[in-house]
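Visitor: Here's a structure for you.
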Amino acid sequence: MTAQNPFFETWTTPFGMPPFDRVQTAHFRPAIEAGMAAQRAEIEAIATNAAPAGFANTIEAMERSGEALRRVTHVFRNLAGTLSDDGMRAVEREVAPLFARHRSAIWLDPRLFARVDAVFSAREGLGLNAGQKRLVERVHKGFTRSGARLADDERERLSAITERLATLGTQFSQNVLKDENDFLLVLDGEADLAGLPEDFRAGAAALASERGQAGKHAVSLSRGNVESFLTYSTRRDLREKLLDGFLKRGENGGDSDNRAIISETVRLRAERARLLGYATYADFKLDDTMAETPAAVRELLDRVWAAGRARALRERESLQRMMRADGVNDALAAHDWRHYSEKLRRAEFAIDDAELRAWFPLDRVIAAAFFVAGELFGLRFEERPDLPVYHPDARTFEVKDAAGAHVAIFIGDYFARGSKRGGAWMSAFRSQQKLDGDTRPIIVNVLNVARPAPGEPALLSLDDARTLFHEFGHALHGMLSNVTYPSLAGTAVSTDFVELPSQLYEHWLLRPEVLRRFALHARTGEPLPEALLQKVLAARAFNQGFATVEYCASTYVDLDLHLADPAAAADPLAFERDVLARIDKPAEIPMRHRSPHFSHVFSGEGYAAGYYSYLWSEVLDADAFSAFEEKGDVFDRETAEKLREFIYSAGNLRDPKEAYTAFRGRLPTPDALLAKRGLTETG
């Protein structure tokens, strides 16, 4: 197997693409273990170097280490999320603790830290440029936050905690995927299909056939499927059944129940924070972000919550009246909100979301995202069906600049399937760096759009289209990266800054300049009628009370779980109920992510105590787009160049506050966010 393992070869594929056609599940663990062994040898050489510690022989040498491991890891983690099966899940469980142990061995090596600390202490006199100095500071902070200053027994305990958390995070993610795949709402007959538009029916028929229910229709727990069904179905009982299945992922008992994992995870995170000198895990996590403290997060959260909740209560009253007018005298419930909200939107704005989808076929939305990138940054996208792909759904594009020079490879993997975890994300098969030559990135966007019937176009809701633009904003952050050192490249920034490029990019979706060009009817090719376009623009702030409440509720639970005594998480559902009661969440609006399936927070640590990041970044993105509006041109060349230089291309070369100030000239206030959401201080 070693002789046939492509990870032990130099890849001769175009652009150094992974040779996906030759990669097998059995290749991963041997290649990962070999990569770890190679990096251990490289780190040992740095740690035992007899020469005095300097930038080149310590910091730069560390940046060069681990290339073989990075190569296999990028492929493995991407395929584990998009081509999961029993074999891949088994390897995930096996290697999760190995990765944690390997990382701890590096970051807790006292010999290595002594050299890093020496370079850090002497950094002002080493003649470093700004990027090199930033790298030294970030590497040093990484060591201290990993426990490099701890005593031997504390380092040993910290390493054990890190390893256990890696195992728990992997199991959490796999449990959510299992519950999603185990659930299927089968629709049998016309009565079960009442209210569903034709394109949804076609996709539901295709899914039923794929899942062994030929001749029927079916709905999975893909978020897009669930939200569409809740919007259109007139069968209140089926809406309730589907939403119940969606909300109870990870808490159904048995081997896939995540409640015990949450309890242990919260306890171990708190213990690690205390070892590192922090009062709580939230204090530890936020110490290395723009927000800096839990108090700053709560201040913003409380301000937005007050306005959003007040707006949501008014929305609830309107929906209850509409429900009674529809002949339903029961109280409005969570499974009713989207259905009656869509009816209200049709009544207020004469917009039918099912009809509107016809003007947002997937291919046109992709083209619109590419067009905006061209107008802002001079990028061109050429589809390359000749390049290797890991699945037939994946589409590959070569990205070039205005002069025709190669910039990146972009992969779009848009359709839902059982082997793909839920949600949408951006990742990299290779990141940009210029440490040795100019390594150009290979970036992937993964979505879960409902697959249409054969021969039919995939039609997107506005939320689906917004998600595509959001993830493409992340992709641009990776593709436009222009830094020397891998550790500072692309999206390697704080979580409350990383959402700025993605959320900012969403603004261009609903610009008239974009809609008039790309919102073309899937069958007739006719442009979106001007009257309907204006209605879409007028309805942008519709239902924002609901959107604000469902998001903020999840954010409060995340923050409070990581601030409280970890004993409080012994029953995470009881804790969740207590938090929601304290903030007086309207019962008719469920959390966007309930704790047992909150993968942002428990499948890893990226957004743990950090789900607020979307809101924090929204303060930035609302203000940043105003920079274009103030110029009277949403493609203003000067503003776009500054955006590229200080945000999209800069990676982690600067502190986020400095980077934003360099672009905008100042830091923002939440006012632009409240205006964007159509909220006021009193709701």
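Visitor: Looking at (1) touching a residue at least 40 places away in the same chain (Cβ under 8 Å); (2) surrounded by fewer than 18 Cβ atoms within 10 Å (Cβ to Cβ); (3) of a type in the set (A, V, I, L, M), which is the only condition Ala260 fails?
Guide: (1)
Visitor: Take region 439-456 and flag every residue that is modelled with pLDDT under 95 and over 24 Å from Arg540 (Cα atoms).
Guide: Arg451, Pro452, Ala453, Pro454, Gly455, Glu456
Visitor: Every residue in region 430-453 that is part of a strand (DSSP E or B), touching a Lys or Arg at 6+ places or on another chain (Cβ under 9 Å) and under 16 Å from Val75 (Cβ atoms), please.
Guide: The answer is Arg430, Thr439, Ile442, Ile443, Val446.
Visitor: When you look at Pro392, is it assigned to a loop (DSSP other than H, G, I, E, B), free of Cβ contacts under 8 Å to residues at least 40 places away in the same chain and surrounded by fewer than 21 Cβ atoms within 10 Å (Cβ to Cβ), yes or no?
Guide: Considered against the rule, which asks whether it is assigned to a loop (DSSP other than H, G, I, E, B), free of Cβ contacts under 8 Å to residues at least 40 places away in the same chain and surrounded by fewer than 21 Cβ atoms within 10 Å (Cβ to Cβ), Pro392 comes out as yes.
Visitor: Further, regarding this structure: Only one of Thr484, Thr467, Thr495, Thr491 is in contact with a strand residue (DSSP E or B) (Cβ under 8 Å, 6 or more places away or on another chain), farther than 29 Å from Gly203 by Cβ, of a type in the set (S, T, N, Q) and surrounded by 22 or more Cβ atoms within 10 Å (Cβ to Cβ). Can you tell me which?
Guide: On inspection, the qualifying residue turns out to be Thr491.
Visitor: Anything in region 261-320 that is β-branched (Val, Ile, Thr) and in a helix (DSSP H, G or I)? List them, or say none.
Guide: Ile261, Ile262, Thr265, Val266, Val297, Val304
Visitor: Residue check, Ala202 against (1) among the aliphatic types (A, V, I, L, M); (2) surrounded by 15 or more Cβ atoms within 10 Å (Cβ to Cβ); (3) modelled with pLDDT of 95 or more; (4) assigned to a helix (DSSP H, G or I), all met but one. Which one?
Guide: (3)
Visitor: Being in a loop (DSSP other than H, G, I, E, B) and either at negative phi or crowded, with 23+ Cβ neighbours inside 10 Å (or both) is the filter here, so list the residues in region 205-229 that pass it.
Guide: Across region 205-229, the qualifying residues are Arg211, Gln213, Ala214, Lys216, Ser220, Leu221, Ser222.
Visitor: Working only within region 160-187, note down all residues that are closer than 19 Å to Tyr278 by Cβ and more than 27 Å from the chain's Cα centre (by Cα).
Guide: The one that is closer than 19 Å to Tyr278 by Cβ and more than 27 Å from the chain's Cα centre (by Cα): Ala160.
Visitor: Could you pull out every one of the helices (runs of 4 or more DSSP H) wholly within region 11-128 that has 2 or more residues that are under 26 Å from Trp425 (Cα atoms) and of a type in the set (Val, Ile, Thr)? Can you show your working first?
Guide: Values: elements: 25-47, 61-64, 67-82, 86-107, 110-121.
Those helices (runs of 4 or more DSSP H) span 25-47, 67-82, 86-107.
Visitor: Follow-up question, since we're still on this one. So which residues in region 271-327 are basic (Lys, Arg) and either within 27 Å of Pro590 (Cβ to Cβ) or surrounded by 16 or more Cβ atoms within 10 Å (Cβ to Cβ) (or both)?
Guide: Arg272, Lys285, Arg298, Arg303, Arg309, Arg311, Arg314, Arg316, Arg321, Arg324
Visitor: Considering only residues that are among the polar types (S, T, N, Q) and touching a residue at least 12 places away in the same chain (Cβ under 8 Å), which ones fall in region 194-237?
Guide: Keep residues of region 194-237 that are among the polar types (S, T, N, Q), which gives 209, 213, 220, 222, 225, 228, 231, 233-234.
Matches in region 194-237: Gln213, Ser220, Ser222, Asn225, Ser228, Thr231, Ser233, Thr234.
Visitor: Let me ask you something else. Look through Arg380, Arg346, Arg338 and report the one residue that is buried (at least 18 other Cβ atoms within 10 Å of the Cβ) and either assigned by TED's automatic domain parsing to the domain that holds Glu588 or of a type in the set (D, E, K, R) (or both).
Guide: Values: Arg380 fails: buried (at least 18 other Cβ atoms within 10 Å of the Cβ); Arg346 fails: buried (at least 18 other Cβ atoms within 10 Å of the Cβ).
Arg338 is the lone residue from the list that is buried (at least 18 other Cβ atoms within 10 Å of the Cβ) and either assigned by TED's automatic domain parsing to the domain that holds Glu588 or of a type in the set (D, E, K, R) (or both).
Visitor: Output the helices (runs of 4 or more DSSP H) that fall wholly within region 624-683 and possess 2 or more residues being within 23 Å of Val297 (Cβ to Cβ), out of contact with any Gly (no Cβ under 6 Å at 6 or more places or on another chain) and free of Cβ contacts under 8 Å to residues at least 60 places away in the same chain, or say none.
Guide: 656-664, 671-676
Visitor: Pairs under 6 Å by beta carbon, first residue farther than 15 Å from Leu510 by Cβ in region 527-547, partner part of a loop (DSSP other than H, G, I, E, B), six or more apart or different chains?
Guide: Close Cβ pairs satisfying both conditions: Phe546/Ile589.
Visitor: A further question on this structure: If you check Leu207, Leu243, Leu221, Leu230, which single one turns out to be of a type outside the set (Phe, Trp, Tyr), within 26 Å of the chain's Cα centre (by Cα) and more than 21 Å from Arg592 (Cα to Cα)?
Guide: Leu207
Visitor: Just one of the numbered conditions (1) farther than 30 Å from Glu156 by Cβ; (2) among the hydroxyl-bearing types (Ser, Thr, Tyr); (3) without any contact (Cβ under 8 Å) to a residue 40 or more places away in the chain is not true of Tyr278; which one?
Guide: Status for Tyr278: all satisfied but (1).
Visitor: Here is a list of conditions, (1) in contact with a Lys or Arg (Cβ under 9 Å, 6 or more places away or on another chain); (2) charged (D, E, K, R); (3) farther than 24 Å from Ser481 by Cβ, and Lys642 meets all of them except one; can you say which number that is?
Guide: So the condition that Lys642 fails would be (3).
The values are calculated or read from the model by the stated rules, or taken from the named source; none is laboratory data. All values reported here derive from a predicted model rather than from experimental measurement. Backbone-built Cβ (ideal geometry, glycine too); neighbour counts: all protein chains shown.
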